1. Take the residues in the stretch B:3-23 that are open to solvent by 30 Å² or more (accessible area, probe 1.4 Å) and touching a residue at least 60 places away in the same chain (Cβ under 8 Å); name whichever of them is nearest to B:Ile56 (Cα to Cα).
2. Counting just the residues of the stretch B:41-50 that are outside any loop (DSSP other than H, G, I, E, B) and open to solvent by 80 Å² or more (accessible area, probe 1.4 Å), which one comes out farthest from DNA strand C (Cβ to nearest atom)?
3. Output yes when any residue across the stretch A:176-189 is outside any helix (DSSP H, G or I) and within 9 Å of chain B (Cβ to nearest Cβ), and no when none is.
4. Check the stretch A:63-75 and report whether any residue there is more than 19 Å from the chain's Cα centre (by Cα) and more than 16 Å from DNA strand D (Cβ to nearest atom).
5. Out of all the residues in the stretch B:90-132, which are facing another protein chain (nearest Cβ under 8 Å) and touching a residue at least 60 places away in the same chain (Cβ under 8 Å)?
6. Looking at the stretch B:13-25, can you tell me whether even one residue there is within 11 Å of DNA strand C (Cβ to nearest atom) and within 14 Å of another protein chain (Cβ to nearest Cβ)?
7. With respect to A:Glu107, is the statement that it is modelled with pLDDT of 95 or more, among the acidic types (Asp, Glu), away from DNA strand D (no atom under 16 Å from the Cβ) and buried (at least 20 other Cβ atoms within 10 Å of the Cβ) true?
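The values are calculated or read from the model by the stated rules, or taken from the named source; none is laboratory data. These numbers were taken from a predicted model, which means no experiment stands behind them. All Cβ positions, glycine included, derive from the backbone under ideal geometry; neighbour counts span all protein chains shown. Accessible surface is based on the protein model in full, side chains and every heavy atom, while ligands, DNA and RNA are left aside. Shrake-Rupley method; radii C 1.70, N 1.55, O 1.52, S 1.80 Å.
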Protein chains: 2
Amino acid sequence: MAKERNTEELIIEAAKKIFIKRGLAGARMQDIADEAGINKAMLHYYYRNKEKLFEIVFNEAFSKMMGRLGNILTKPMPLEEKIRMLVENYITNIAETPYLPIFVLNEINQQPEMMVKKISSQPAFPDIMLFMKEIIEAGKKGTIKEVSPVQLFMNIVSMCIFPFVARPLIQGVFQQDSVQFDMLIEERKKLVGDVIISWLKP
Amino acid sequence: MAKERNTEELIIEAAKKIFIKRGLAGARMQDIADEAGINKAMLHYYYRNKEKLFEIVFNEAFSKMMGRLGNILTKPMPLEEKIRMLVENYITNIAETPYLPIFVLNEINQQPEMMVKKISSQPAFPDIMLFMKEIIEAGKKGTIKEVSPVQLFMNIVSMCIFPFVARPLIQGVFQQDSVQFDMLIEERKKLVGDVIISWLKP
DNA sequence: CCTTTGTTTAACCAAATGGTTAAATCAAGT
DNA sequence: ACTTGATTTAACCATTTGGTTAAACAAAGG
């Protein structure tokens, strides 16, 4: 009955590559089939249609992008150390799949309603909520300056993700080749922490 | 001979709306024609083909996004004040056309080669280069901490632009309605300046 | 009035694209 | 060997889509 059970896997891997590169509108089913080295009909046999296939790819990409934040946030350690580790870890993780952010962000902007549904059904990011509470309490206690935890979060995530999203622009404007760009990113693993911590000093 | 000379303008306006909303791959020529309230053939009559039309829209969007930086950078004033004004002004400007950044960034990532060509032919952003020199000198003089001007620039632009690019995500995760989001942005006009300045304190 | 020249439209076209199907293939189970 | 049920393929289909064209229209100029 069952043949090689990895046709499904082949398809998903190929779909990831094509969708993330071209986006939902720009991706072609034929290209995904070619990338996987299989017949186009197999895509529909295993995953019904383009949207269903896209949904799987997108959900995984989305989880990957968000999940990387959580696992740091929960660990118990001094706040400053935690923020520094969060930044370093997050940048390192993104650098492994640098095209994920622009893909996820663009598709989200293409269908903002999807976001509302997806978020509403999800566990509401308890890690992030806990971290925000920690920030508020540290502010009241005087350990750090009192700041809006949402703004803090936006600042951290902005400085971690944006360089990857704007990579071709940055390389163009500042005339940086790929090696130089990677060095900038490496430097930011500490630098972004510095920026945030200096801002939070009471 | 000539009828209403604003058909060309109608087309451009419609093209902007559709391209910025859907991207190059997602935009449909028929939708642009409908938006402009004219016959589809007119698009080709005035602008040859989809790519030519897109190029016009993209170039204007790109210039708009970059140009907004320059006009602040050149004015002579104390560095701290200049940075604060730059941030406030840039955020205000982006807020007027909040969909431009994700559009420009996504299309750039879709065709990174185009970036190289476009940048190479442009005046190389002399405003930005001057500003970077000013940062280096202020660092040597001890007015501010010695930092990489490229990193400084990335930090500023990241915190200014990213919130707009990630808007649906931010609203979802932090359960912010549109009014609340606008308030966050308003707050950032000063806050981002604070973050940068505190980091630059010697 | 009629010619001329730029503008606009409806109809049309070929290629691309997402999706389907009927037949072929393959791997057990008997 | 034969049956059975899942898997795979080539050919096909309907729709969409970017682009074209021939004819209609409109506004001067003579």
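1. Ranking the qualifying residues of the stretch B:3-23, first place goes to B:Ile20.
2. It comes out as B:His44.
3. Within the stretch A:176-189 (the criterion being outside any helix (DSSP H, G or I) and within 9 Å of chain B (Cβ to nearest Cβ)), the answer is yes, since at least one residue qualifies.
4. yes
5. B:Tyr99, B:Ile102, B:Leu105, B:Asn106, B:Gln110
6. Yes, the stretch B:13-25 has at least one match.
7. Against the criterion (modelled with pLDDT of 95 or more, among the acidic types (Asp, Glu), away from DNA strand D (no atom under 16 Å from the Cβ) and buried (at least 20 other Cβ atoms within 10 Å of the Cβ)), A:Glu107 qualifies.
Listed here are the residues, each with its yes/no results for (1) touching a helix residue (DSSP H, G or I) at 6+ places or on another chain (Cβ under 9 Å); (2) exposed (fewer than 13 other Cβ atoms within 10 Å of the Cβ).
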residue: B:Ser120; (1), (2): yes, yes
residue: B:Phe125; (1), (2): yes, no
residue: B:Ala138; (1), (2): yes, no
residue: B:Gly142; (1), (2): no, yes
residue: B:Val147; (1), (2): yes, no
residue: B:Val150; (1), (2): yes, no
residue: B:Phe164; (1), (2): yes, no
residue: B:Gly172; (1), (2): yes, no
